[in-house]
Each structure stands twice: as C-alpha cells, then as structure tokens.
Amino acid sequence: MVDLELEFTLDVGYRLFDMLDDTAITKHENGYTVKLTLPENNWLYDFLMSFGNKVTIIRINEVVPSDPLQDFYGIPNADYLKTTIPLLQGAGAKTASIQDILQKGIYITNAVKTPKTDYTIDKSRVN
C-alpha cells in the first residue's frame, strides 16, 4: 500500500469524483488535493499517468524495505527505484537514476522509518 498526496487541475475534477471516494478529495481555488492510500500496482501507475500534466505528485510514502540496499539510495537497480523512476518518467521527467532525481532538486524519503515485521491480516486472505 502507498500513501499518496496529489494535486490536480480544476478541469479533471469530474474524473476524480467518478473514480475516487469523495472524502479523499478537497477542492481549492486552483484545483483539487487528493489524499488516499492505494495498492502499488499497474492500475495506480496507469491512473496517475492518465492525467499527464494535470496531476502533481506531492507525496508518496512507503515503508522502508527490510533490506536497506533496496531503498532509494541503495544499489543502482534497487526495488524502490524500479517503481519510482518509471513513475517520474511517465510524468515527463527525464530520469534514469537516483542521481538524475537529485539533480532535479528532488529528495525522496520514507515517512515510516521502520520496516514491516508482520501483517495484521494473514497474507493468504489478500488476493
């Protein structure tokens, strides 16, 4: 699961209200702020990329991985970069590495600093 905070332009509001829970959407003068938690999967990436330049990703929070080498600043092909780089590329940013991201003035961090050790719901019950 990924916690997201997103900013959308006013002209896509109808799509937001068609697709998302109204309680996740806040309208303001320049557009909409959306705060929600979604599974990290292809639907999420397709959803975000379908808005093109009409969405700005304000915040994505993931829990740190149990293997620090798989975090954003670990090995060059770290698991977290395998999802982050395509997401930025889909938004139009020319990035291929964490160094490219840093050179754009973007610092990525995890909000939860302790890896998961257990799940509340047994994994066999999740489809």
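Of all the numbered requirements in (1) surrounded by 14 or more Cβ atoms within 10 Å (Cβ to Cβ); (2) modelled with pLDDT under 85, Leu48 misses one, and that requirement is (2).
Table: residues versus (1) at pLDDT below 90; (2) assigned to a loop (DSSP other than H, G, I, E, B).
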{"position": "Lys35", "(1), (2)": "yes, no"}
{"position": "Gly74", "(1), (2)": "yes, yes"}
{"position": "Thr84", "(1), (2)": "yes, no"}
{"position": "Lys94", "(1), (2)": "no, yes"}
{"position": "Thr114", "(1), (2)": "yes, yes"}
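State yes or no: is Asp79 charged (D, E, K, R), surrounded by 14 or more Cβ atoms within 10 Å (Cβ to Cβ) and either at pLDDT 75 or above or on the phi > 0 side of the Ramachandran plot (or both)? Answer is yes for this residue.
The values are calculated or read from the model by the stated rules, or taken from the named source; none is laboratory data. Remember, predicted model here, so these are calculated numbers, not experimental data. Quick reminder, even Gly has a Cβ in these numbers, built from the backbone with ideal geometry, and neighbours come from all protein chains shown.
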